[in-house]
Amino acid sequence: MVSDDDRVPDIVARDDRSTPRESGDAVIAEMVASGREVMRKANVAARDVAAAGCSSPGPLDHKTGVVIQTQNIVGFTNMPIATRLGDGLGVKVFLDRDTCMAAIAESLIGAARGAKDFVYLTVSTGVGGAIVAGGRMVRGVANTAGELGHWPVAFQLDAARDAGDGVPRCRCGSFGCVEAFAAGANLAEQLGVGGAGDVYAAADAGDARARALIVRAERALANLAVGIVNGLDPSVIVVGGSISEHQPKHVLDPMRRAIQERAFKAPAAAVRLMPAALGADVGMHGAVLEARERAAGRGDWFL
Ligand SMILES: [Zn+2]
């Protein structure tokens, strides 16, 4: 939307590491070591780096660069990650939620190019998203807008029982969230296997329990799709994440079918639901693009 360069940038060096589990300080130290290793591989000095981007799960404050809380990273509570990384690397660091950065990348160089109203959804280990409306990223008052994985899509129908009885609990503390049904980690946990790929493989091999879990996941995503179309009326829904990429007939197809069958006719006719264009590197592209825009004093539309 505000880019002066909409080509997919070359990735000239990369360094992948697993996340330490002992403390937040250990995670920061590993990230700094990784950043330095990338600069060494690319043969650039810190003083020649215009900016760095850091993509993190939230909730977080993208303006102050503080991660407020994450469910999956030890020690990341009120962690001033942009400052800590910036000090460690000698580079200005910009922080944002992983899904917001992914949406920025899909907007500038990916499947949502030119769209002023779009929703980015990722279906992966977790389920998350970001919302752009009227050409602006919707942030909300606590910067959690777009956390579509925690949209509740199920509840107990029997009024004599509690609303959450018999409904999958979610790690967020609520129940019936899309994530509790459709996230890879939840699917694997519910079947008692190592990863989501094992659940889809078991279903293909005829395992009735795996098939039932996948049907529930499809229905949760279908309900979310109808809610997005009726409630937000976007021109594009971009769906990324590893499960979406590897199992499109269990993610994109049920969402498209539900929109056609059950959403309001006018927004259903206007919306395109499409796979993300940037694949597994969407977070990295988003981090670089957001850092580039903010370092240049641009990016008002997503701040
Ligand atoms: Zn939840």
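General remarks:
- Only a single item in (1) under 22 Å from V8 (Cβ atoms); (2) more than 17 Å from the chain's Cα centre (by Cα); (3) not polar (S, T, N, Q) is not met by A112, and it is number (2).
- Looking only at segment 137-149, and only at residues there that are touching a residue at least 40 places away in the same chain (Cβ under 8 Å) and open to solvent by 50 Å² or more (accessible area, probe 1.4 Å), the one that is farthest from the ligand (Cβ to nearest atom): A142
- Leading residue by the ranking (farthest from R292 (Cα to Cα)) among those in segment 36-94 that are part of a helix (DSSP H, G or I) and among the small types (G, A, S): G88
- Residue-level check: of (1) of a type in the set (A, V, I, L, M, F, W, C); (2) open to solvent by 20 Å² or more (accessible area, probe 1.4 Å); (3) touching a residue at least 60 places away in the same chain (Cβ under 8 Å), A220 misses just (2).
- Failed item, numbered, when S124 is tested on (1) at positive phi; (2) open to solvent by 10 Å² or more (accessible area, probe 1.4 Å); (3) under 17 Å from the mean Cα position of the chain (by Cα): (1)
The values are calculated or read from the model by the stated rules, or taken from the named source; none is laboratory data. Fair warning: this is a prediction, and the values are worked out from it, not measured in the lab. Virtual Cβ from ideal backbone geometry, glycine too; neighbours counted across all protein chains shown. SASA here: full protein model, heavy atoms, side chains in, ligands and nucleic acids out. Shrake-Rupley method; radii C 1.70, N 1.55, O 1.52, S 1.80 Å.
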